[in-house]
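The structure appears below as structure tokens.
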Amino acid sequence: MAGMSKMKPGLASDAVNLAFIEAITADADAVQGRVLAEILGRNGESEYLTEKCGGLSGNASDVRAAFRAKVPMATYEDLLPYIRRIADGDLSAILTGAANPVTELFTSSGTSGGERKMIPTVEDEVDRRYLLEGLFTTVMNQHAPGIDKGKSMYFLFVSSQSKTAGGLTAGTVMTSYYKSKQYAGHAYPQNNTSPTAAILCEDAAQSTYAQMLCGLCQRRDVMHVGAVFAVALVRAVRFLQDNWERLAADIDAGELLGQGEGGGVITDPAVREAVAGVLRRPDPELAAFVRAECGKGDWAGIIPRIWPNTKYLGTVVTGSMAQYVPTLNYYSGGLPMASDIWGASEGDFGLNLSPLCDPYEASYTIMPNMAYFEFLPVVDDGDSDAASHDDELVELAQVEAGKEYEMVITTYAGLNRYRLGDVLRVTGFHNAAPMVRFVRRKNTLLSVDVDKTDEAELQAAVERASALLRPHGAAVVEYTSRACTAAVPGRYVIYWELRTDKDDTVVNDNVLERCCLEMEEALSTVYRQKRVEDGSIAPLQIRVVQPATFDKLLDYAISRGTSIAQYKVPRCVTENPPLVDLLDSRVVSTHVSSALPHWAPDQPSSN
């Protein structure tokens, strides 16, 4: 099993891959020991580890014990000073060894303060990610035989990258993934209906149009449809709803027509050339079919109606993406949904070995060769900080089924005992490797796309916006919120109960619309980018409710057995339909702002 993390993806047969999965999960604890020894062999002389434990040496067992005894848990904020030095061009061995330098920074969804994280990565990390991709392909072949004979229609996207002050590339992990030489040389791009040029186009509208058009042209070859996250797949179908007439016209003509203000949808020369390679000749029969199906105005089961050989949807529908399962069921006519790999900007960690299970029951088996994993128990009130001593950490092979933990990882890229912030429930074991289900992002209340808003951020946004009410003799008495994805794109809905200085005081619409914008201005960079640049989040909506509405929430809680002494106003009601119905039944006015919040492309720096 030596060098297991370097196993070449895409080269092994299904039989070899299945044997590999069985071997590493059967001997999970020993594999973890070897992985930690390999990581410390690369990074043990780094500044960070030298500071924390004076260096580590000796046999693997002694090193493992010394690491667990001496190296403390760390949050992103703990590591930020070190990461800033790397971003600013310090080439010393800060988090990783001299022979294992940080080569890129992945910009993640955000910190508790709302700004983007910069996650260090190293050159061979992409090989580990491709290894997991190859393993999942093998797993999928066992559950959906024959899919390797057809094509996938996956909607994949990149975003802009920037350079740090020290010259490192900074961007999302998926952007790096699709721009890597490994992706270019992999079989996957040839098996996807989306041309690489369309995927690499940073203009989301052009990219989506090109990918949808090419998917329509190859509709009979498509055997699975997907996107990385469920929200992107829902948006793609919604894009078809809005643009099917244009798409049909281009198919009919056999070329990209110059339609609409400013010309055609696709102006990028590389994308036009790639689409022309698929859209080779007029196809009036296909155009008529698209018009007939989409023109019905009935979008139930639209995916199998247009792509009749589709066997499943490949997209992450766990965690915050579970809210899109009903919509995808509607569009797909109930096709299975396969959540494939569980990972983050910090790394990929687990495989769904039962990919066609009920999406609400999906669990990921942690692959012990991907990083060194520890787990912080979550106490009964849902707080892992209450058990935050380093000696509370449980190793991979010692977790218990049915319990919840926050994951703590040590990676090849220099994150040591790093608190990932994901709360997981252990649902069982595959051999000796735990199977986990994502429960929640620690402290996250609201999420529509990849945005994450926690209670402190929501509170700060409400306070900032409610300050606009004071000159008008009004104040926010209570509030709660929910993520509303009944329409696409989804939005944040904020319920306000107001108090006025005088009974006849009325806060006019303009003031409340300004409050909507002020709340959005107070939310994270990621939220504002998704609102402004991507258009994947709709305007925030404030719904003003009748006086005493929050007393009704208290009455409801008491009727369900809650003690009045322990009652806390829920700051999010997304997953509580009775409370949503109660609140919506008492709405007296609804407000949104027509203006966009401020957002400009950010560049990671030391400032």
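The values are calculated or read from the model by the stated rules, or taken from the named source; none is laboratory data. Just so it is clear, the structure is predicted and the values come from calculations on it, not from any experiment. Ideal geometry is used to build each Cβ from the backbone, glycine not excepted, and the neighbour counts take in all protein chains shown. Surface accessibility is based on the protein's heavy atoms, side chains included, excluding ligands, DNA and RNA. Shrake-Rupley method; radii C 1.70, N 1.55, O 1.52, S 1.80 Å.
Among all helices in the chain defined by DSSP H, which have a length of 27 Å or more along the axis from Cα atoms plus a Kyte-Doolittle mean of at least -1.0?
Details: long enough: 125-143 (28 Å, -0.44); 230-253 (32 Å, 0.28).
Those that clear 27 Å and a mean of -1.0 are 125-143, 230-253.
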Note on the range 148-310: contact order normalised by length, alpha-carbon pairs under 8 Å, 6 or more apart, percent, works out to 25
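If the limit is 25 Å between Cα atoms, which of Lys117/Lys403; Lys117/Lys442; Lys502/Lys552; Lys70/Lys163; Lys151/Lys179 go over it?
Pairs exceeding the cut-off: Lys117/Lys403; Lys70/Lys163.
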Of the convex hull enclosing the alpha-carbon atoms of the range 314-440, the direction-averaged projected area in nm² is 7.9
The answer for the net charge of residues other than Ala433 whose Cβ lies under 13 angstrom from its Cβ, with Lys and Arg +1 and Asp and Glu -1, is -4
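Using a probe radius of 1.4 Å on heavy atoms only, what accessible surface per residue do you get for the range 29-129? Whole Å² is fine.
For the range 29-129, the solvent-accessible area averages 40 Å² per residue.
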So the pair-distance distribution of the chain, from every Cα-Cα distance in 10 Å bins, comes to percents of 3, 15, 24, 26, 19, 10, 2, 0
For the range 245-353, averaging the sequence separation of alpha carbon pairs under 8 Å that lie six or more residues apart and dividing by its residue count, the contact order in percent is 20
Rounded to whole Å, √(5λ) for the Cα gyration tensor eigenvalues of the range 265-337, largest first, gives 28, 19, 11
Classified through the alpha carbon gyration tensor (a ≥ b ≥ c as square roots of its eigenvalues; rounded if a/c is under 1.5, else prolate when a/b is larger than b/c, else oblate), the range 396-459 comes out oblate
Cα-based Rg then Dmax for the range 108-232, in Å, read 16.1, 49
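Would you mind getting the accessible area per residue of the range 148-310, heavy atoms of the protein chains only, 1.4 Å probe, in Å²?
Here the residues of the range 148-310 average 42 Å² of exposed surface.
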Here the alpha-carbon Rg of the range 148-310 over 2.2 N^0.38 Å rounds to 1.06
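Could you look at the chain and say what percent of its accessible area is carbon and sulfur, using a 1.4 Å probe and all protein chains?
49
Let me know the volume per residue of the alpha-carbon convex hull for the range 446-592, in Å³.
Looking at the range 446-592, the number lands at 113 Å³ per residue.
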Of all DSSP beta bridges having both residues in the chain, the percent classed as antiparallel (nearest 5) is 70
